[in-house]
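Working notes, beginning with the structure itself.
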Number of protein chains: 2
Amino acid sequence: MKRIAVDMDEVLAKYTDKVIKVLEQETGYIINIEDVSGAFLSRSLPEKYLDIVTSYPYREGFFRDLEVMEHSQEVLNHLNNDYEVYIVSSTLQHPNAPKDKLAWLNEHFPFIHFKKIVFCGDKKIIRADYLIDDHPRHLEDFQGKPILFSAFHNIHENRFKRANNWLEVEQIINSNA
Amino acid sequence: MKRIAVDMDEVLAKYTDKVIKVLEQETGYIINIEDVSGAFLSRSLPEKYLDIVTSYPYREGFFRDLEVMEHSQEVLNHLNNDYEVYIVSSTLQHPNAPKDKLAWLNEHFPFIHFKKIVFCGDKKIIRADYLIDDHPRHLEDFQGKPILFSAFHNIHENRFKRANNWLEVEQIINSNA
C-alpha cells in the first residue's frame, strides 16, 4: 500500500489565520495577507510584531483550536482507505506543540491512528510515496513525489507539482495511483 | 553521510529501572528482572500491578528523570561526527511524553539538534541506514541495517545483529562503515 505523508500547519490547520487574529486582538496591528504574500512573515513584519508572533507557538494551547482546512477531513478520510496516510509535522522546536497537536488531530481526524503521526524536525528522514507540504525546504530532499500545498508564502515557488486545495490533492494522487 | 536512527527507552534511557523503582516505592511489589526476562512486563506481571505500571508513562514528568544508559553519551557524540544521528522514539500514545523527552534529550544529549529528533508510532516510515532498537517489531520492517539493543524482554530474539551495550554498537557501526 502506498504511503502519503501530510504536513499540518497551512495544510490541515489554519495556523496563520490564528496568528493574524490573535495579533490584532492583542496589539491592534493588522496583517494584510496580500501584503506579505510571496514571503514568510519573518521577512515581512515589523520587528516589534515579529517578536510577538514568534512567541505564539511556544504558548500552551496555541495549536489546540486552529481551524481545519476546507475539504481536508473528507479527502483524507477517502485517501485513508487506499493509502497509508501519515501526518508528519515539523514541530519539536516548540515543546508544548505535540500535546496540543495530538489532541487537535484526535478531535478533527479521529480516523488517523496515533501510530500514523510523526512529530519531527527535518523531514528528509521520512520514507513515503507522497509528501504534501507548504514548505519547499521539506519537499527539496524528499525522495517520493512532492506536492506543494499552496500558501501565502509559496506563491512564487514553481519547482513542484502544486495543489491549491484538498480537492486538487485528491485529483493529483488518484491520477498518479 | 549515512544516517543512524536511535531509539530512546531501554536504549538511551533506563525506563524499566524506573518502573521497577516506582512500583516498589508505591506498592511494595518487587519485580525481579530475572523472573520476567524473555517477555514484556505485560505478559509477566500480576494484573493488579500491570494496570499500575501501564499508567506510568501517562504521568507528567515520568520520562524526565530516567537514568542514562552507560556509554551512550560518549558513543553517540563520537558517531555524531561521522553520521547523521537521529533519535526516533515511538511515544505518541502518551501525550505528556514528548515534552519530557525533549527536555531529557536536551539535558543529556545537548549535541543532538531538535531537528534530529522524531516522535512517532510506526517506525516503518523512517528512512535511515541503521536502526538501533530494543523492539523486534520496529526492526522487522526497517529497510536499512537493524541492530537489536539487548534488553530483558528480547534475550531470546535471534533474527538481528545484537549489541549488548553501547561499546558494541560503536564496534558494529564502525566495522560496517
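Taking the label point 7 Å from Cα in the Cβ direction, how far apart in nm is A:His113 from each other copy of itself, listed shortest first?
Its label point is 3.4 nm from the equivalent points in the other copies.
Output the pairs from B:Lys99/B:Lys145; A:Lys14/A:Lys161; A:Lys123/B:Lys161; A:Lys14/B:Lys2; A:Lys124/B:Lys99; A:Lys2/B:Lys18 with a Cα-Cα distance over 32 Å in this structure; if there are none, say none.
As for pairs spanning more than 32 Å Cα to Cα, those are A:Lys14/B:Lys2; A:Lys2/B:Lys18.
Quick one: Cα centre-to-centre distance for segment B:5-20 and segment B:145-177, in angstrom?
15
What does the charge count near A:Ile117 come to, summing +1 for each Lys or Arg and -1 for each Asp or Glu among other residues with Cβ under 10 Å from its Cβ?
The answer is +2.
Which of A:Ile132, A:Ser150, A:Trp166 sits closest to the plus end of the dipole of chain A, meaning its Cα is farthest towards the positive end, when Lys and Arg get +1 and Asp and Glu get -1 on the C-beta?
Most positive-ward Cα: A:Ile132.
Label position 7 Å from Cα toward Cβ: report the copy-to-copy distances for B:Glu157 in nm, one decimal, ordered from shortest.
Nearest to farthest, the other copies are at 3.7 nm.
Run through the other copies and list how far each one's label point is from that of A:Asn77, in nm with one decimal, shortest first; the point sits 7 Å from Cα along Cα-Cβ.
So the distances to the same position in the other copies read 5.3 nm.
Restricting attention to segment B:68-177, which GluC sites (Glu not before Pro) occupy a DSSP loop and are surrounded by at most 16 other Cβ atoms within 10 Å?
Loop-located and lightly packed - B:Glu70, B:Glu157.
If each DSSP helix of 4+ residues adds -39,500 (n - 2.57) and the sum is divided by the residues in chain B, what number results at 222 nm, nearest 500 deg cm²/dmol?
-10500 deg cm²/dmol
Of A:Asp17, A:Asp134, A:Asp51, which is the most mobile in a GNM of chain A whose springs link Cα atoms less than 10 angstrom apart?
Highest fluctuation of the listed residues: A:Asp51.
Return the long-range amide H neighbours of A:Glu84 (sequence gap of 5 or more, or a different chain), with a cut-off of under 5 Å between placed amide H atoms.
Here A:Lys2, A:Arg3, A:Ile4 satisfy the definition.
No lab work stands behind these numbers, since they all come straight from the coordinates. Just so we're clear, the structure is a prediction, and the values are computed from it rather than from any experiment. Glycine also receives a Cβ, built like all others from the backbone with ideal geometry; neighbour counts cover every protein chain displayed.
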